[in-house]
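Enquirer: Pasting a structure here, questions to come.
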Amino acid sequence: MIEEVAAHYSGGGGLAEKIAESLRSAGKDLNELKATDLSTVDEFHIRGRKATLELAEQMKLSEDSCVLDIGSGLGGPARTLVEEYGCHVTGLDLTQAFCDVAGVMSDWVNLGERMEFQQGDATNLPFADNQFDAAMTIHVAMNIPAKDKVYEQARRVVKPGGIFAVYDVLQGEGSDVLFPVPWARDPSISHLATPDEMKVLLSDAGFKILDVHDSTDESQSWFEARTTRMAQSGPPPVTSQVLFGGDFREMARNQVRNLTERRIRTVSYICEA
Ligand SMILES: C[S@@+](CC[C@H](N)C(=O)[O-])C[C@H]1O[C@@H](n2cnc3c(N)ncnc32)[C@H](O)[C@@H]1O
């Protein structure tokens, strides 16, 4: 199962060079990049950087905070936190290729010194008890059947009183999810919890849920705005197409239908350890 998930995200190799080439073709100078220049590919979740900033606002972060990003992908959310708050972020991700590229991209924007990325499994975190001041996870648990383990592990590594911010795609009340979607080409690696299940999972792991925000309507609007923007001014320099090639358009179309028909919901949880 884990191998299939990592294979789904690994792409065809040479990812850093593909991203660099897309940016150069769009006239970007790689020596002058800002984290926001990367956000159309490295904030790899619905509502992008805006959603990360919304979570971060509630995580009680300062320059002294040590934060864990569980399922850090290409490192976009982690870089956003470092850029905005000057904190230190450790990113952990199942996909080795993503960890490698995340490190390279952080150096492009001169944030590498305040972050590191390591390969690992969210269900078995290689960190000490109470190691982090806060943690987050964005659009990751959709690939993980053992969600109880993910949240138990998060609770174990976050200091008491620290914030754990979760933003995920959940199973909606509409019918079955249409595939392919960015987290799975078919149902074999897709494991969505319902909103009711999430509350139980987080509480059972020992978290106090401070806030729940269902952003499904905003997610729908975000896709509509993106479609309008792309029709007017073309696609941005680099998108997740670099990962998924020709399947990307169908994945995006299915995301819109899945949201509109409430086959999926996007929900975030701010929890206290
Ligand atoms: C849709 S991406 C989101 C990446 C990042 N959180 C973001 O929002 O930009 C999902 C990520 O979850 C990672 N992932 C899936 N299962 C995992 C697991 N068991 N442990 C750690 N990471 C996992 C994948 O490798 C992928 O990078």
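The values are calculated or read from the model by the stated rules, or taken from the named source; none is laboratory data. As the structure is a computational prediction, the values presented were derived from the model and not from experiment. A quick note on method: Cβ atoms are made from the backbone with ideal geometry, for glycine too, and the neighbour counts reach across all protein chains shown. The area values use the complete protein model at the heavy-atom level, side chains included, leaving out ligands, DNA and RNA. Shrake-Rupley method; radii C 1.70, N 1.55, O 1.52, S 1.80 Å.
Enquirer: State yes or no: is Leu38 open to solvent by less than 20 Å² (accessible area, probe 1.4 Å) and not aromatic (Phe, Trp, Tyr)?
Expert: Working: open to solvent by less than 20 Å² (accessible area, probe 1.4 Å): yes; not aromatic (Phe, Trp, Tyr): yes.
Yes, satisfied.
Enquirer: Let me spell it out: the conditions are (1) surrounded by fewer than 23 Cβ atoms within 10 Å (Cβ to Cβ); (2) touching a residue at least 40 places away in the same chain (Cβ under 8 Å); (3) basic (Lys, Arg), and Lys149 meets all of them except one. Which number is the exception?
Expert: Failing condition for Lys149: (2).
Enquirer: Turning to a different aspect of this structure: Which residues, taken from segment 115-131, are among the polar types (S, T, N, Q) and near the ligand (Cβ under 10 Å from one of its atoms)? Walk me through it before giving the result.
Expert: Taking segment 115-131 as the starting set, the residues that turn out to be among the polar types (S, T, N, Q) are 118-119, 123-124, 130-131.
Hits for segment 115-131 are Gln119, Thr123, Asn124.
Enquirer: Within the set of pairs 6+ apart or on separate chains, which have a first residue in segment 113-135 that is within 21 Å of Arg79 (Cβ to Cβ) and free of Cβ contacts under 8 Å to residues at least 12 places away in the same chain, a second that is of a type outside the set (Val, Ile, Thr) and within 15 Å of the ligand (Cβ to nearest atom), and C-beta atoms under 9 Å apart?
Expert: Close Cβ pairs (under 9 Å, with a partner that is of a type outside the set (Val, Ile, Thr) and within 15 Å of the ligand (Cβ to nearest atom)) amount to Glu113/Ser106.
Enquirer: If you don't mind, there's one more thing I want to ask. I'd like the full set of residues that are within 14 Å of the ligand (Cβ to nearest atom) and assigned to a loop (DSSP other than H, G, I, E, B), limited to segment 172-189. It would help to see each step written out before you state the result.
Expert: So in segment 172-189, the residues within 14 Å of the ligand (Cβ to nearest atom) come out as 180-185, 188-189.
Matches in segment 172-189: Pro180, Pro182, Trp183, Arg185.
Enquirer: Among what's in segment 105-114 and is more than 12 Å from the ligand (Cβ to nearest atom) and either touching a Leu at 6+ places or on another chain (Cβ under 9 Å) or on the phi > 0 side of the Ramachandran plot (or both), pick the residue that is most open to solvent (accessible area, probe 1.4 Å). Steps first, please.
Expert: Taking segment 105-114 as the starting set, the residues that turn out to be more than 12 Å from the ligand (Cβ to nearest atom) are 106-114.
Among the residues that remain, those that are also either touching a Leu at 6+ places or on another chain (Cβ under 9 Å) or on the phi > 0 side of the Ramachandran plot (or both) are: 108-110.
Values: Trp108: 47, Val109: 17, Asn110: 131 Å².
Within segment 105-114, the match that is most open to solvent (accessible area, probe 1.4 Å) is Asn110.
Enquirer: Can I ask one more? Consider segment 1-55. How many of its residues are in contact (Cβ under 8 Å) with a residue 60 or more places away in the chain, closer than 18 Å to Arg229 by Cβ and β-branched (Val, Ile, Thr)?
Expert: Count: 3.
Listed here are the residues, each with its yes/no results for (1) crowded, with 18+ Cβ neighbours inside 10 Å; (2) touching an Asp or Glu at 6+ places or on another chain (Cβ under 8 Å).
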{"residue": "Leu192", "(1), (2)": "yes, no"}
{"residue": "Lys199", "(1), (2)": "no, no"}
{"residue": "Leu210", "(1), (2)": "no, yes"}
{"residue": "Asp214", "(1), (2)": "no, no"}
{"residue": "Ser219", "(1), (2)": "yes, no"}
{"residue": "Ala225", "(1), (2)": "no, no"}
{"residue": "Ala231", "(1), (2)": "no, no"}
{"residue": "Pro236", "(1), (2)": "no, no"}
{"residue": "Gly246", "(1), (2)": "no, no"}
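Enquirer: Mind counting the residues in segment 197-241 that are part of a helix (DSSP H, G or I), under 19 Å from Glu152 (Cβ atoms) and either at pLDDT below 95 or charged (D, E, K, R) (or both)? Working first, answer last.
Expert: Here is the first cut: in segment 197-241, the ones part of a helix (DSSP H, G or I) are 197-204, 216-233, 241.
Still in the running and under 19 Å from Glu152 (Cβ atoms): 197-204.
When the remaining residues are screened for being either at pLDDT below 95 or charged (D, E, K, R) (or both), the result is 197, 199, 204.
Matching residues across segment 197-241 total 3.
Residues are listed down the side, and each one gets a yes or a no for (1) hydrophobic (A, V, I, L, M, F, W, C); (2) more than 13 Å from the ligand (Cβ to nearest atom):
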{"residue": "Lys18", "(1), (2)": "no, yes"}
{"residue": "Ser22", "(1), (2)": "no, yes"}
{"residue": "Lys34", "(1), (2)": "no, yes"}
{"residue": "Leu38", "(1), (2)": "yes, no"}
{"residue": "Glu43", "(1), (2)": "no, no"}
{"residue": "Gly48", "(1), (2)": "no, no"}
{"residue": "Lys60", "(1), (2)": "no, yes"}
{"residue": "Ser72", "(1), (2)": "no, no"}
{"residue": "Gly76", "(1), (2)": "no, no"}
